[in-house]
Amino acid sequence: MLFETILADLDRGYVDPVDTNKLFETGVSAMLRSLDPYTEFEAREEAQQMNEGIMGRYGGVGLVISAQAKGITVVSAFEGYAFDYGMRTGDKLKQIDDLVVAPTTTVEDVRNVLRGEPGTLVNIQFERDGVKGVQDVTMPRTLVRIKDVKLATLVGKPSDGIGYISLSGFAQNAGNEVRGAILALEQAAEDASNGAHSLNGLILDMRGNPGGLLTSAVDVASLLVPNGSDIVSAKGRGFPGVKYQSRVEPILDSKTKLAVLVNRGTASAAEIVSGAVQDLDVGIIVGTDRTFGKGLVQNVEDLPFNTALKFTVAKYYTPSGRCIQSVNYKEGGGLDEQNGRYQSSTVPKKDRQVFFTKSGRTVRDGGGVEADYKVAAPKASALEVTLLRSDIMNEFASQWSQKYELTNNFEVTDDIYREFQDFVEVKVKGGDLKLEALYAGALDDLKRALSQSGYKSSEREVDQLKTQIVKESKNDFEKYKKEIKEDIATSILSRYIPESMLMKRSLKTDDQVQEAIKLLANDKSFSKILAKGSTNEGSNGSINKNSMSVASSVSDENEKTRDGASFQLEW
């Protein structure tokens, strides 16, 4: 009532006209920011996006876009949709129907025009590096289905019967997608072995999976664990305790060894599945260290005017009884507006309690799901990170694809690599690329502080340091040649083949996947890790990962990040 009175007073008497809707959203958002990062007011468009993420479908053209230095840019074109109409990663959008994409145009503006009723047409004008002029394509909007299973394939020797599934989220149909993928892999394994065996092992890749629906997490876990098993429970101050159990026979044969791949980006619903697999000893968790550690439950309530309130109501617990929430948010602390971070503290190691898996293995709460078998974290040189973040490889790939034909068994030769180095050199001299960019912010801050203190000599030394960084970065072209060549190959091939084929190709050089294949092929090692008395402190794989993908902050035409996107219970 008081809030309503304040709004009415401002609307009636403030010196200038005010937007009361905006004032309301600002006030409510500020109030909720004092709690935790997951408690949010969802305006109409945000609520609509969240609902579309849950449903796993929307009316549009199948483009993932982001705001970059050169404008609104295509990050990915979906196979079966925009990809089939010729759009590619790196395309710069110039106009969509009547909307001219100007420097002030937002991703949201473009997304709203790209979306629409299935069957309607949309005209897209774009620029592509290496191609003169503006390109033009008209395509129909269709019902775009967002698949959570991005890839299902046999890995290693086909006759070995080891399957791989990439699971990127937990939308409404995730359980059915995983079920279909497992059945297809079982048939493929039988065909590859001439009927000698079905799947001997399965790799479920949930690295970078931010979560989604509780029901979908239960659906996926039920495919892997014994019928009647506890999967997850939840309880809170004003939230009735609930427990979810598997009510169906698992589709995965008990003789099929299971490895679940995780990393720090594995969160929420993905941690429910990982925790159930670990606690019930039905598989081995393979990862660099541990998962994100989001053990909070959100409820989403519909509000008037197609808006919604998402707020934290409970914590969830794995079958062993542990809560994997890794962060305590300080009461009343909320968001620090200066650094954009929530005032919080991690659960101290001494306070992490011991729990036991079904077979008696030791696990702990308060820190995500720790890997049973640890593989060294991916590493990349500063040069490689800079090149990936700058989008220079996509620019080079676009120009290369206009000049050359792709051959069978394509690889980046030394000639192509030298051509790329020359391309980078031109960009550096023209000021379009700064090889010291990874350190530029810190160096500029240092130089500014030195200038304010009057330390002119030290300022010059900072400039010399920048020059030295550029020199050493150029030396890294030879030192990290193998890794950079692979990045260039991926960028070039993305002009010709869809994401699923790129993913399948990358598995051959994915050390975590390759280590999981070795583990599944070794009955003795696999059984030893699951044996009673072992802990999840992790075995060490003999891995040195020398390549990585740098994830940019992208905005998807079709969905928000699904770290809990539900109008029921949300994880």
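The values are calculated or read from the model by the stated rules, or taken from the named source; none is laboratory data. Because the structure is predicted, anything quoted here is derived from the model rather than measured. Cβ atoms come from the backbone with ideal geometry, glycine included; neighbour counts cover every protein chain shown.
Residue check: is residue 29 polar (S, T, N, Q), in contact (Cβ under 8 Å) with a residue 12 or more places away in the chain and either touching a strand residue (DSSP E or B) at 6+ places or on another chain (Cβ under 6 Å) or not in a loop (DSSP other than H, G, I, E, B) (or both)?
Details: polar (S, T, N, Q): yes; in contact (Cβ under 8 Å) with a residue 12 or more places away in the chain: yes; either touching a strand residue (DSSP E or B) at 6+ places or on another chain (Cβ under 6 Å) or not in a loop (DSSP other than H, G, I, E, B) (or both): yes.
It is true that residue 29 is polar (S, T, N, Q), in contact (Cβ under 8 Å) with a residue 12 or more places away in the chain and either touching a strand residue (DSSP E or B) at 6+ places or on another chain (Cβ under 6 Å) or not in a loop (DSSP other than H, G, I, E, B) (or both).
If you check 3, 83, 24, which single one turns out to be in a helix (DSSP H, G or I), in contact with a Pro (Cβ under 9 Å, 6 or more places away or on another chain) and among the aromatic types (Phe, Trp, Tyr)?
After applying the criteria, what remains is 83.
How many residues does region 121-158 contain that are outside any strand (DSSP E or B), closer than 19 Å to residue 81 by Cβ and touching a helix residue (DSSP H, G or I) at 6+ places or on another chain (Cβ under 6 Å)? Can you show your working first?
Kept after step one, since they are outside any strand (DSSP E or B), are these residues of region 121-158: 128-134, 141, 146-148, 156-158.
Then drop every residue that is not closer than 19 Å to residue 81 by Cβ, which leaves 128, 141, 146-148.
When the remaining residues are screened for being touching a helix residue (DSSP H, G or I) at 6+ places or on another chain (Cβ under 6 Å), the result is 128, 148.
Residues that pass the stated criteria total 2.
Only one residue in 385, 375, 347 is in contact with a Gly (Cβ under 8 Å, 6 or more places away or on another chain), among the hydrophobic types (A, V, I, L, M, F, W, C) and farther than 19 Å from residue 260 by Cα. Which one?
Just one listed residue meets the conditions, 347.
Hey, among 267, 314, which residue is assigned by TED's automatic domain parsing to the domain that holds residue 207, among the small types (Gly, Ala, Ser), more than 30 Å from residue 21 (Cβ to Cβ) and not in a strand (DSSP E or B)? Spell out how you get there, then give the answer.
Details: 314 fails: not in a strand (DSSP E or B).
On inspection, the qualifying residue turns out to be 267.
Yes or no: residue 161 touching a helix residue (DSSP H, G or I) at 6+ places or on another chain (Cβ under 6 Å), without any contact (Cβ under 8 Å) to a residue 60 or more places away in the chain, at positive phi and not hydroxyl-bearing (Ser, Thr, Tyr)? Give the steps one after another, and end with the answer.
Values: touching a helix residue (DSSP H, G or I) at 6+ places or on another chain (Cβ under 6 Å): yes; without any contact (Cβ under 8 Å) to a residue 60 or more places away in the chain: yes; at positive phi: yes; not hydroxyl-bearing (Ser, Thr, Tyr): yes.
Spelling it out, residue 161 is indeed touching a helix residue (DSSP H, G or I) at 6+ places or on another chain (Cβ under 6 Å), without any contact (Cβ under 8 Å) to a residue 60 or more places away in the chain, at positive phi and not hydroxyl-bearing (Ser, Thr, Tyr).
In region 217-224, is there at least one residue being out of contact with any Lys or Arg (no Cβ under 8 Å at 6 or more places or on another chain), within 17 Å of residue 298 (Cα to Cα) and part of a helix (DSSP H, G or I)?
yes
Counting residues that are touching a Pro at 6+ places or on another chain (Cβ under 9 Å), which helices (runs of 4 or more DSSP H) fully inside region 449-526 reach at least 1?
Values: elements: 456-479, 481-493, 499-506, 511-521.
The qualifying helices (runs of 4 or more DSSP H) are 511-521.
For (1) farther than 28 Å from residue 289 by Cα; (2) assigned by TED's automatic domain parsing to the domain that holds residue 81; (3) touching a residue at least 24 places away in the same chain (Cβ under 8 Å), each residue gets a yes or a no:
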{"position": "465", "(1), (2), (3)": "yes, no, no"}
{"position": "472", "(1), (2), (3)": "yes, no, no"}
{"position": "483", "(1), (2), (3)": "no, no, yes"}
{"position": "492", "(1), (2), (3)": "yes, no, yes"}
{"position": "499", "(1), (2), (3)": "no, no, yes"}
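Over 24 Å from residue 308 (Cβ atoms), of a type outside the set (D, E, K, R) and under 21 Å from the mean Cα position of the chain (by Cα): does that describe residue 77?
Yes: the conditions hold for residue 77.
Go through region 343-433 and tell me which strands (runs of 3 or more DSSP E), entirely inside it, have 3 or more residues that are in contact (Cβ under 8 Å) with a residue 40 or more places away in the chain and of a type outside the set (Asp, Glu).
Because the criterion is at least 3 residues that are in contact (Cβ under 8 Å) with a residue 40 or more places away in the chain and of a type outside the set (Asp, Glu), the strands (runs of 3 or more DSSP E) in region 343-433 that meet it are 362-364.
Go through region 49-70 and give me each residue that's under 21 Å from the mean Cα position of the chain (by Cα), on the phi < 0 side of the Ramachandran plot and modelled with pLDDT under 85.
Result: 49, 50, 51, 52, 53, 54, 55.
Against the conditions (1) surrounded by fewer than 18 Cβ atoms within 10 Å (Cβ to Cβ); (2) within 19 Å of the chain's Cα centre (by Cα), where does residue 266 fall short? Just the number, please.
If we test residue 266 against (1) surrounded by fewer than 18 Cβ atoms within 10 Å (Cβ to Cβ); (2) within 19 Å of the chain's Cα centre (by Cα), just (1) comes out false.
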